[in-house]
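Shown below is the structure under consideration.
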Amino acid sequence: MQALYAQLLVGLINGSFYALLSLGLAVIFGMLNIINFAHGALYMMGAFVAYFLLQYSGLNYWWALILAPAIVGLFGILLERTMLQWLTGLDHLYGLLLTFGIALIVQGLFQNYFGSSGLPYAIPDLLKGGVNLGFMYLPIYRAWVVVFSLVVCLATWYLIEKTQLGAYLRAATENPTLVRAFGINVPLMITLTYGLGVGLAALAGVLSAPINQVRPLMGADLIIVVFAVVVIGGMGSIMGSIITGFALGVIEGLTKYFYPEASNTVVFVLMVLVLLVKPQGLTGRAA
Amino acid sequence: MSNPANNAAAMTRSASSAPAVSRKTVLTVENLEAWYGESHILHGVNFNVTEGEVVTLLGRNGAGKTTTLKSVMGIIGKRTGSVEFEGQNIIRTASDKIARLGVAFCPEERGIFASLDVRENLMLPPQVREGGLTLDQIFELFPNLKERLNSQGTKLSGGEQQMLAIARILRTGARFLMLDEPTEGLAPVIIQQIGQMIARLKQQGFTILLVEQNFRFASTVADRFYVMEHGRIVEGFANSELEANMDKLHTYLGV
Ligand SMILES: Nc1ncnc2c1ncn2[C@@H]1O[C@H](COP(=O)(O)OP(=O)(O)O)[C@@H](O)[C@H]1O
Ligand SMILES: [Mg+2]
């Protein structure tokens, strides 16, 4: 039983990363019509920025939680202004190729300077240790990651579904020209949306640093699964991305317990099944 | 306040309304040309709208009426010539800036957002000036909307969607409204309601540029008409001259 709970927790942790990343992908796809293949590289940059902040500026984990998403988000804004904005109106394929190229370049540069092995990042003192719940031992840092990710996901959902800014965003996803003709600076909103999606990826990177170490290819491995999650959930709905992200993490965890041989493929098997039955994804709108 | 050019514009409209007070020209369009990609749609459009007027653009399908409104709004990629709004040339201005100057646009396809409920649709356009209609005033004009505030925007009937599309731009404080075929595809009762609404807005001093195919309807609200054909204005007359122009109109509109 202990092992089952442990796998469930691992599933929830992975689910947290899936949710944070697929949420960002969904928001970016909605506004920019770009499938952001650079997402994994930006997640990795979040972890590296946390590492640099600690190593060179002595700024600890808590600073990194704020600064890394901001810094990497700014990098994303730079990418959008200098490159992605020119793809408006073109086929998805161009955005996919461009962001894939960006990912390869960024990952290549980091590999060149830092090698492929992981750099350690310590769990912050406040979140060290764990509690014995009787049925299992719960490491505090892992509990923190799940709860904090959930809070960030729900806050993002609230921002998009329940605020005026979110209404602009949803409306501009449908008809940017008309929203602009109402007096809203849509190009600026698009840029900031990309920054927001990238910031979420970087935040996931910071959260992951103490668990998974900081490696140039940490995002490349993860993003493949995240894209499968996105295909399963569909791009259409914010809450859909969050729920699908957590659910698939848990399903993966359970598979690891009940049938470990399939744990690395279960998400892809589900993806194929969903594609056969409902090609637009479980919560997606028809394209 | 009263310069000669403005007086001239006021003269043209004094034919239809009694007091010859000099009013400002709100919109002056000169030599407007516009393109969709390679296709050249507007070939030098000239007209003007004076403060407080309802001016109607008539013309067959495809004559370029919608393109004219969109060019004024700044949402046609390539446009040349001169569009002056309240004395400022906006031919090169981005559409969000044009909206902020006080130009409001209600598109032909209505543009109600499916992912927003009625309240969000209504509250979407930001206020650009003081003095827009309050929600109470809007519900007085469109009582239906009040009951449907929490419905999904696109769940409304066609007539209600049209009301919503007009209502949301009345909140913004813009005093110059461009309405593209607000009666298209609607039942006669609703058309009548929209006619009354336009008359009330005119009373309240709004300036309105209206696109219509239905000149019977337009004649109940308009001060002046322009007729468009093949991307040009080919005719302009006051409402009082409508009967005299009927034969020509029938030829232009093919009705
Ligand atoms: N998005 C577009 N791309 C290319 N041509 C267009 C587009 N929209 C309209 N047109 C063409 O421009 C001309 C004028 O259209 P429009 O301004 O919509 O006419 P109206 O509103 O008077 O019916 C038509 O010939 C139409 O086919
Ligand atoms: Mg039209």
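The values are calculated or read from the model by the stated rules, or taken from the named source; none is laboratory data. This is a predicted model, so every value here is computed, not measured. Cβ coordinates were reconstructed from backbone atoms using ideal geometry, including for glycine residues, and neighbour counts include every protein chain displayed. Note: accessible area is taken over every heavy atom of the protein model, side chains too, but ligands, DNA and RNA are not part of it. Shrake-Rupley method; radii C 1.70, N 1.55, O 1.52, S 1.80 Å.
Among the residues of region B:123-144, are any within 20 Å of the chain's Cα centre (by Cα), more than 13 Å from chain A (Cβ to nearest Cβ), modelled with pLDDT of 95 or more and over 25 Å from residue A:236 (Cα atoms)?
no
If you go through region A:143-168 one residue at a time, how many are open to solvent by less than 30 Å² (accessible area, probe 1.4 Å) and within 14 Å of chain B (Cβ to nearest Cβ)?
Count: 3.
Please work out which one of (1) open to solvent by 10 Å² or more (accessible area, probe 1.4 Å); (2) away from ligand 1 (no atom under 12 Å from the Cβ); (3) free of Cβ contacts under 8 Å to residues at least 12 places away in the same chain is the condition residue B:38 fails and give its number.
(2)
Find the residue count for region A:89-116, including only residues that are in contact (Cβ under 8 Å) with a residue 12 or more places away in the chain, open to solvent by 80 Å² or more (accessible area, probe 1.4 Å) and over 21 Å from the mean Cα position of the chain (by Cα).
Residues that pass the stated criteria total 0.
Moving on. Mind listing just one residue for me: the one in region B:1-47 that is in contact with a helix residue (DSSP H, G or I) (Cβ under 7 Å, 6 or more places away or on another chain) and under 13 Å from residue B:238 (Cα atoms) and, of those, modelled with the highest pLDDT?
Ranking the candidates gives B:16 first.
Give the residues of region B:100-113 that are within 7 Å of chain A (Cβ to nearest Cβ) and either at pLDDT below 95 or under 16 Å from the mean Cα position of the chain (by Cα) (or both), sorted by residue number.
Correct list: B:105, B:107, B:111.
A further question follows. Of everything in region B:79-99 that's within 10 Å of chain A (Cβ to nearest Cβ) and under 22 Å from residue B:50 (Cβ atoms), which residue is surrounded by the most Cβ atoms within 10 Å (Cβ to Cβ)?
For region B:79-99, the residue satisfying everything is B:99.
Residue B:137 passes all but one of (1) open to solvent by 10 Å² or more (accessible area, probe 1.4 Å); (2) assigned to a loop (DSSP other than H, G, I, E, B); (3) away from ligand 1 (no atom under 16 Å from the Cβ); which number fails?
(2)
Just to be sure I understand, how many residues within region A:169-200 are more than 10 Å from chain B (Cβ to nearest Cβ) and closer than 19 Å to residue A:239 by Cβ?
Summing the residues that are more than 10 Å from chain B (Cβ to nearest Cβ) and closer than 19 Å to residue A:239 by Cβ in region A:169-200 gives 4.
What are the pairs, 6+ residues apart or on separate chains, where a residue within region B:216-244 that is outside the structural domain of residue B:57 (by TED's automatic domain parsing) has its Cβ under 8 Å from a residue that is open to solvent by 10 Å² or more (accessible area, probe 1.4 Å)?
none
Could you grab me the full set of residues in region B:158-185 that are farther than 30 Å from residue B:28 by Cβ and within 16 Å of ligand 2 (Cβ to nearest atom)?
Scanning region B:158-185 gives a single hit, B:185.
Here is a yes/no grid of residues against (1) away from ligand 2 (no atom under 16 Å from the Cβ); (2) within 28 Å of residue B:242 (Cα to Cα); (3) under 19 Å from the mean Cα position of the chain (by Cα):
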{"position": "B:147", "(1), (2), (3)": "yes, no, no"}
{"position": "B:187", "(1), (2), (3)": "yes, yes, no"}
{"position": "B:199", "(1), (2), (3)": "yes, yes, yes"}
{"position": "B:204", "(1), (2), (3)": "yes, yes, yes"}
{"position": "B:211", "(1), (2), (3)": "no, yes, yes"}
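Continuing with the same structure: Given the options B:216, B:232, B:224, B:175, name the one that is open to solvent by 60 Å² or more (accessible area, probe 1.4 Å) and closer than 23 Å to residue B:102 by Cα.
Answer to the selection: B:175.
If you check A:71, A:66, which single one turns out to be of a type in the set (Val, Ile, Thr), open to solvent by 10 Å² or more (accessible area, probe 1.4 Å) and within 16 Å of residue A:149 (Cβ to Cβ)?
A:66 is the lone residue from the list that is of a type in the set (Val, Ile, Thr), open to solvent by 10 Å² or more (accessible area, probe 1.4 Å) and within 16 Å of residue A:149 (Cβ to Cβ).
What number of residues within region B:54-78 satisfy the criterion of being within 14 Å of chain A (Cβ to nearest Cβ) and away from ligand 2 (no atom under 16 Å from the Cβ)?
Qualifying residue count for the region: 2.
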